[in-house]
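The values are calculated or read from the model by the stated rules, or taken from the named source; none is laboratory data. Values in this document were obtained by computation on a predicted structure and should not be read as measured data. Here the Cβ is made from the backbone with ideal geometry for all residues, glycine too, and neighbour counts use every protein chain on show. Each accessible area value is taken on the protein alone, full model and side chains, heavy atoms only, with ligands, DNA and RNA left out. Shrake-Rupley method; radii C 1.70, N 1.55, O 1.52, S 1.80 Å.
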Amino acid sequence: MTAHLKPAQPDAMVNIANSSIFRRDRNWSGRDMRNNGGVAIYIPNNLTVVNVYRSTLYEVICINLRLPSGHRFLVCGMYYPPRHNYVEEDLMSSRTNIVDNELDEHPQTVVVCGGDLNKLNIDRLEKLTGWNAMVDFPTRGLSCLDNFLSNLKDFFGKYYPYQMLTKTDH
């Protein structure tokens with residue numbers, strides 16, 4: 001989820017019962033002077049967190065999990081802003097390296113990567129990683145800004161849009 005948080009705001013402000021929040025706040029590394037925002041992932045407390053990776057260059061967080069069944073799961077959340085000061089290919093290579101390292105050690109790992117991807121070239125990311133985009137409908141106006149990709153699309157069902165009852169821009 002993308003969140004309008006500041007590093008000084010405690011996790012308790014956005015707590016979800018029986019879950020732990022993992023945040024990569026905007027300007028976490030001191031390199032991004034924009035205010036408020038970032039990426040947060042909630043993990044149910046019954047899952048074992050093996051490792052957490054927070055990028056210093058991009059608004060990305062990846063959490064390596066071990067499920068109760070013993071299987072591995074890598075969850076990556078990312079925000080690709082409409083205006084940024086880095087090369088798109090560098091962001092994609094960074095994600096690919098993290099996932100490839102995990103898959104080299106644990107080839108059966110299920111990988112999911114999602115977030116507010118704005119104008120990220122999803123077709124290019126699919127070709128580079130072998131992942132499949134799961135959202136094929138507009139998520140904001142006529143554009144598909146929010147998406148979810150996985151290396152094992154058969155694990156997930158078909159996605160459908162639904163109308164929000166609260167005001168949101170996605």
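State the number of residues belonging to region 73-85 that are without any contact (Cβ under 8 Å) to a residue 60 or more places away in the chain and open to solvent by less than 50 Å² (accessible area, probe 1.4 Å).
Going through region 73-85 one residue at a time, the tally reaches 7.
For region 33-56, enumerate the residues that are out of contact with any helix residue (DSSP H, G or I) (no Cβ under 7 Å at 6 or more places or on another chain) and assigned to a loop (DSSP other than H, G, I, E, B).
33, 34, 35, 36, 37, 45, 46, 47, 56, listed by residue number.
Out of (1) at pLDDT 95 or above; (2) farther than 17 Å from residue 115 by Cα, the odd one out for residue 74 is which?
So residue 74 meets the others, but not (2).
How many residues, within region 143-167, are open to solvent by 70 Å² or more (accessible area, probe 1.4 Å) and part of a loop (DSSP other than H, G, I, E, B)?
Count: 10.
Among the residues in region 114-137, are any without any contact (Cβ under 8 Å) to a residue 60 or more places away in the chain and under 23 Å from residue 17 (Cα atoms)?
Yes, region 114-137 contains at least one residue that is without any contact (Cβ under 8 Å) to a residue 60 or more places away in the chain and under 23 Å from residue 17 (Cα atoms).
Any idea which residue in region 114-142 is nearest to residue 160 (Cα to Cα), counting only those that are open to solvent by less than 60 Å² (accessible area, probe 1.4 Å) and small (Gly, Ala, Ser)?
Per the stated criteria, the residue is 133.
How many residues does region 89-113 contain that are open to solvent by less than 50 Å² (accessible area, probe 1.4 Å) and in a helix (DSSP H, G or I)?
10
Being modelled with pLDDT of 90 or more and aromatic (Phe, Trp, Tyr) narrows it down to one residue among 53, 86; which is it?
Step by step, each of 53, 86 is checked, and only 53 is modelled with pLDDT of 90 or more and aromatic (Phe, Trp, Tyr).
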